[in-house]
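Visitor: One structure is given below, represented as C-alpha cells, and several questions about it will come after.
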Amino acid sequence: MRIESLSIKTVTVAIYAMVGISSVLLSLLASSYFKQAALDAQIKSLSRVMEVASQEVIREISGHAFDLGMKLGHNTQLIEALQFPHDKGKVSNIVEVLNDPFISGFAGFAEINLVRLRVYSLDLELLVQSDAGEKQLENHLPPYLATQLVQRKKIDRLKAVDALWTSPVGPLFSTLVPVGGLRAVGYLEVVVDPAFNLPEISRITKTPVKIFNISDINPGSEAVVDNENHLPVAYTLQTSAGRPVFRIVGYEDVSVLLEEMGLTQVITTGGFILLTLTILLVALWMFNRFLFVPMDRLVEGMRQVADWKRDIHVSKRGLLEFATLAQGFERMAGQIRIRNKELERLLDLDDSAILCFGEEGEAIYFNRAALKLFYYSEEEISQLDLGDLFPHAETLSELAAGTSSDQPYHQRLECLTKDGRRFEADAAINLMRISGGIRQTIVMRPLSSEEGEKITEYLVSSIEQNEHRIKAVEQSLGTILELARMGPGHRIGSSKDSHPVNGSENDAEKQLVKERVVQVMHASLACWERDLGKTKLELAEESGIWPVYIDKSTPTTRTLDRYLHVDSCPNNPRSKRVIDTAEFVLKCMNRKSSHLRTRLQQSLDELRLLLSGLNGNPR
C-alpha cells in the first residue's frame with residue numbers, strides 16, 4: 001500500500017485502535033496473571049495448613065503409642081525378665097505379654113494400627129518381640145532412634161523417644177519407652193502403621209485428601225473430588241531423618257473464591273476497558289473536532305479553489321496551524337486569480353476566436369471573441385464539445401491527433417452557432433501537451449461568403465503571424481489550463497465525466513463503449529417518456545445536463561440526439577454525462593417499479609462495469 005493512499009484520519013484511528021486493543025489484551029492478561037497469583041498464594045497458605053494437620057496426626061499417633069508402651073512398661077513379668085536378661089525362661093514368658101494386645105486389644109485399639117512390639121536391653125540389644133504382627137521387620141532398633149538414644153543426655157534417659165522411619169514394608173512410626181519406672185531395666189518399642197491415621201487430616205482440614213506413598217508400595221485412601229471446583233494442595237510428609245515418605249494432596253473447595261475472583265476480575269477488567277475506550281473515544285472526538293474537520297474543510301476549500309470557483313474561500317476556522325495554512329493558501333490562490341485575470345485579458349485582446357478542447361473533445365476555454373462568435377455564455381462552455389461547434393468534429397479530432405505540437409495544422413472548418421447558423425472559418429489547430437494530457441487549441445477567423453476569397457488570401461499571407469500569435473498565447477493559456485477548470489468537477493487532465501483515449505486504443509473497445517452509451521440513453525429516454533410521460537426536450541431542460549439550442553425559433557437537442565444513434569455518437573462519448581442522465585431519470589421515478597426501470601438499471605450497471613474495466617487496464 002502506497003503512503004499517498006492513507007489519510008491522517010485513517011492512520012490516527014488505526015493507531016488508537018491498536019492502543020485500545022493492546023490495552024484490552026493487557027488488561028485480560030493482567031487479570032489472568034493476578035488470578036493465578038492469588039491461587040498460588042492460596043496454595044501456599046493451605047500447604048501450611050496441611051503441614052500443621054499432618055503434624056497433629058503424628059502427635060496423636062505418638063500419644064496412643066506412648067500410652068500403650070507405658071501400660072506394658074509397668075508389667076511385672078516384663079520388668080523381671082529384663083532384670084535377668086540372660087534367663088531364657090523368663091524372657092520367653094514375656095512373648096505372651098507382647099502378644100496379648102494383638103489378641104485381647106488395648107485402650108485405644110481402634111485409634112492406631114499396631115504392627116509390632118519389641119523389647120530391648122539397656123544396651124539396645126533386641127531381646128524379644130511379639131509373634132503377632134508384621135514379621136518382615138529388621139531385628140534391630142531403627143537407626144534414627146538408636147542415634148537419638150546414644151546422643152541424648154543422661155537426664156533424658158527416662159523420656160520416651162519416637163520417630164517416623166522407613167522399613168522394608170513401608171513407612172512406620174515407633175515409640176520407644178523405658179521399662180521399670182525410675183530405675184529403667186530396658187526399653188519397649190511400639191511400632192504402628194501411620195498410614196492408618198493419616199486420613200484424619202481430612203477431618204482436621206475439612207477438605208478431601210489423597211495420600212500417596214512415595215515408593216507407591218502402600219497407596220492411601222483416595223477421595224472423590226470435583227477438580228473444577230477444588231484446588232489441589234500438596235504437602236510432603238518426611239521421616240524424622242528428613243526423607244520424604246508420604247505425599248498428601250488436599251483439595252480445597254475454592255468455588256466461592258473463584259466466584260468472587262471472577263466477579264472482581266469482571267469489575268476491574270470491565271472498568272479498565274470502559275475507561276480506556278472512553279478516553280480513546282474522547283481523544284478521537286477531539287481529534288475529529290480540532291484536526292479532521294478543519295482538515296476536511298481546508299481540503300474542500302482547496303479543491304473548490306482548484307476547480308476555479310472564484311467566490312469560494314478556504315475556511316480559516318480551526319487550530320492556529322490550520323488557520324495559518326488556510327490564510328497562506330488563500331493568499332496564494334488570490335495571487336493566482338489575479339495572474340489568471342491578467343492572462344485572460346491578454347487573450348481577450350486578440351480579435352481572433354481562441355478555443356481550447358480536451359483530448360476527448362470537451363470544451364475547456366473560449367476567449368471573448370469565441371463566445372461572441374458562437375453566441376454562448378461562459379456557464380455553457382462546460383457542456384459543449386467539438387460536435388456541438390463543428391459538424392465534422394470527428395474528422396477534426398483525427399486530423400489534429402496527427403499533428404505535432406511544434407507544427408500547427410491549418411484547415412477551413414464548418415462551424416455551427418448556438419442558434420443553428422452555419423458559417424465557415426479558417427483555423428490554425430495546434431496540440432499542447434501538458435501534465436494533464438493533450439489539449440487542442442484552435443485560433444480561427446470566420447469567412448463570409450462574399451469575401452471568402454479575399455480573406456483566404458489575407459489569411460494565407462498572415463499565416464505566419466497567426467502561428468506566432470499561437471506561440472505567444474500558448475504560454476499564457478497553458479498556465480490557465482493548469483490552474484483553472486471551467487466547470488465544477490472538471491480537472492485539467494482528468495475530467496470526471498470522460499475516460500482518456502490513447503491513439504492506440506482498440507477500436508473494438510471504442511465501439512463497445514458507444515453501444516453501451518446509446519443503450520443507456522435509449523433506456524433512459526424510454527423510462528422518461530413512457531413511465532413519466534414527458535418529452536425529450538423536457539429531459540434536457542429539467543436535468544440541465546444537455547444543452548438546448550434554438551434552431552429557427554424551434555428548441556432542439558442536437559447534442560442529446562447524437563447520443564441516441566451509434567453512427568452519430570462521438571468516438572469518445574461523454575460517459576459521465578450519460579451516467580448522470582440515467583441517474584436523474586431513476587431519481588425522478590423515485591421508487592416506481594417497471595420493466596423499463598429494471599432495464600435502465602441493468603444497462604447502467606453494465607456501462608459502469610465496462611468503464612471500470614477499461615480504466616483498470618494500462619493503456
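The values are calculated or read from the model by the stated rules, or taken from the named source; none is laboratory data. What you see is a predicted model, and the numbers here were worked out from it, not measured in a lab. Heads up, the Cβs are rebuilt from the backbone with ideal geometry, glycines too, and the neighbour counts pull from every protein chain shown. Side chains are part of the model used for accessible areas, which takes the heavy atoms of the whole protein and leaves out ligands, DNA and RNA. Shrake-Rupley method; radii C 1.70, N 1.55, O 1.52, S 1.80 Å.
Visitor: What is the one condition in (1) loosely packed, with under 13 Cβ neighbours inside 10 Å; (2) of a type in the set (S, T, N, Q); (3) modelled with pLDDT of 80 or more that N227 does not satisfy?
Guide: (3)
Visitor: Could you list all residues from segment 81-93 that are without any contact (Cβ under 8 Å) to a residue 12 or more places away in the chain, open to solvent by 80 Å² or more (accessible area, probe 1.4 Å) and either touching a strand residue (DSSP E or B) at 6+ places or on another chain (Cβ under 9 Å) or part of a helix (DSSP H, G or I) (or both)?
Guide: Selection gives K88 alone.
Visitor: Within segment 507-521, identify whether any single residue is at pLDDT 90 or above, open to solvent by 20 Å² or more (accessible area, probe 1.4 Å) and over 46 Å from the mean Cα position of the chain (by Cα), and answer yes or no.
Guide: No: segment 507-521 contains no residue that is at pLDDT 90 or above, open to solvent by 20 Å² or more (accessible area, probe 1.4 Å) and over 46 Å from the mean Cα position of the chain (by Cα).
Visitor: For segment 114-141, which positions are open to solvent by less than 20 Å² (accessible area, probe 1.4 Å) and either without any contact (Cβ under 8 Å) to a residue 12 or more places away in the chain or over 17 Å from L72 (Cα atoms) (or both)?
Guide: Of everything in segment 114-141, those that are open to solvent by less than 20 Å² (accessible area, probe 1.4 Å) and either without any contact (Cβ under 8 Å) to a residue 12 or more places away in the chain or over 17 Å from L72 (Cα atoms) (or both) turn out to be L137, L141.
Visitor: Shifting gears a bit: Would you check if M295 is in contact with a helix residue (DSSP H, G or I) (Cβ under 9 Å, 6 or more places away or on another chain), closer than 30 Å to I21 by Cα and surrounded by 15 or more Cβ atoms within 10 Å (Cβ to Cβ)? Full working, then the answer.
Guide: On the way: in contact with a helix residue (DSSP H, G or I) (Cβ under 9 Å, 6 or more places away or on another chain): yes; closer than 30 Å to I21 by Cα: yes; surrounded by 15 or more Cβ atoms within 10 Å (Cβ to Cβ): yes.
So M295 fits the description; yes.
Visitor: Hey, another quick one. Report every pair of residues separated by at least 6 positions or lying on different chains whose Cβ atoms are under 8 Å apart, first residue within segment 317-335 and surrounded by 18 or more Cβ atoms within 10 Å (Cβ to Cβ), second polar (S, T, N, Q).
Guide: Between residues of segment 317-335 that are surrounded by 18 or more Cβ atoms within 10 Å (Cβ to Cβ) and residues that are polar (S, T, N, Q), the close pairs are A326/S315.
Visitor: Looking only at segment 533-563, count how many residues are in contact with a helix residue (DSSP H, G or I) (Cβ under 6 Å, 6 or more places away or on another chain), aliphatic (A, V, I, L, M) and open to solvent by 20 Å² or more (accessible area, probe 1.4 Å).
Guide: Total satisfying the criteria: 2.
Visitor: Follow-up. When P219 is evaluated against the numbered criteria (1) within 51 Å of the chain's Cα centre (by Cα); (2) under 28 Å from F109 (Cβ atoms); (3) modelled with pLDDT under 85, which criterion, by number, is the only one it fails?
Guide: Answer for P219: the failing condition is (1).
Visitor: Let me ask something additional. Only one of M50, M18, M70 is more than 30 Å from R289 (Cβ to Cβ), out of contact with any Gly (no Cβ under 8 Å at 6 or more places or on another chain) and either in a helix (DSSP H, G or I) or open to solvent by less than 40 Å² (accessible area, probe 1.4 Å) (or both). Can you tell me which?
Guide: Values: M50 fails: out of contact with any Gly (no Cβ under 8 Å at 6 or more places or on another chain); M18 fails: more than 30 Å from R289 (Cβ to Cβ).
The conditions single out M70.
Visitor: Kindly indicate whether L145 is in contact with a Leu (Cβ under 6 Å, 6 or more places away or on another chain), under 24 Å from T239 (Cβ atoms) and not polar (S, T, N, Q).
Guide: Working: in contact with a Leu (Cβ under 6 Å, 6 or more places away or on another chain): yes; under 24 Å from T239 (Cβ atoms): yes; not polar (S, T, N, Q): yes.
When the stated conditions are applied, L145 passes them.
Visitor: Moving to a separate point now. List the pairs whose first member sits in segment 184-209 and is polar (S, T, N, Q), whose second member is assigned to a loop (DSSP other than H, G, I, E, B), and whose Cβ atoms are under 9 Å apart, counting only residues at least 6 apart or on separate chains?
Guide: N197/E111; N197/I112; N197/N113; S202/P208; S202/S221; S202/A223; T207/A223; T207/V225
Visitor: How about segment 102-123: which of its residues are of a type outside the set (S, T, Y) and over 22 Å from V57 (Cα atoms)?
Guide: Across segment 102-123, the qualifying residues are F102, I103, R118, V119, L122, D123.
Visitor: Being part of a loop (DSSP other than H, G, I, E, B), in contact with a helix residue (DSSP H, G or I) (Cβ under 8 Å, 6 or more places away or on another chain) and within 22 Å of E134 (Cα to Cα) is the filter here; which residues of segment 184-215 pass it?
Guide: N197, L198, listed by residue number.
Visitor: Go through segment 99-183 and tell me which strands (runs of 3 or more DSSP E), entirely inside it, have 1 or more residues that are under 19 Å from M70 (Cβ atoms) and of a type in the set (K, R).
Guide: Fully inside segment 99-183 and qualifying: 114-120.
Visitor: Among the numbered conditions (1) modelled with pLDDT under 90; (2) touching a strand residue (DSSP E or B) at 6+ places or on another chain (Cβ under 7 Å); (3) closer than 30 Å to L198 by Cα, tell me where A107 comes up short.
Guide: (2)
Visitor: What pairs can you find where one residue is in segment 338-363 and at pLDDT below 80, the other is acidic (D, E) and not in a strand (DSSP E or B), and their Cβ atoms are less than 9 Å apart, with a gap of 6+ or different chains?
Guide: G361/E394
Visitor: Sort out which residues of segment 151-170 are in contact (Cβ under 8 Å) with a residue 12 or more places away in the chain and β-branched (V, I, T), and write them in order of number.
Guide: V161, T166, V169
Visitor: Which ones in segment 148-191 are over 24 Å from A81 (Cα atoms), surrounded by 13 or more Cβ atoms within 10 Å (Cβ to Cβ) and aliphatic (A, V, I, L, M)?
Guide: Within segment 148-191, A163, L164, V169, L172 qualify.
Visitor: Within segment 94-111, track down each residue that is open to solvent by less than 30 Å² (accessible area, probe 1.4 Å) and aliphatic (A, V, I, L, M). Reasoning before the result, please.
Guide: Start the filter on segment 94-111 by keeping residues that are open to solvent by less than 30 Å² (accessible area, probe 1.4 Å), which leaves 94-95, 97-99, 101, 105-106, 108.
Residues satisfying the conditions are I94, V95, V97, L98.
Visitor: Taking the options L28, L6, name whichever one is modelled with pLDDT under 85, within 30 Å of V293 (Cα to Cα) and not hydroxyl-bearing (S, T, Y). Give the steps one after another, and end with the answer.
Guide: Details: L28 fails: within 30 Å of V293 (Cα to Cα).
Step by step, each of L28, L6 is checked, and only L6 is modelled with pLDDT under 85, within 30 Å of V293 (Cα to Cα) and not hydroxyl-bearing (S, T, Y).
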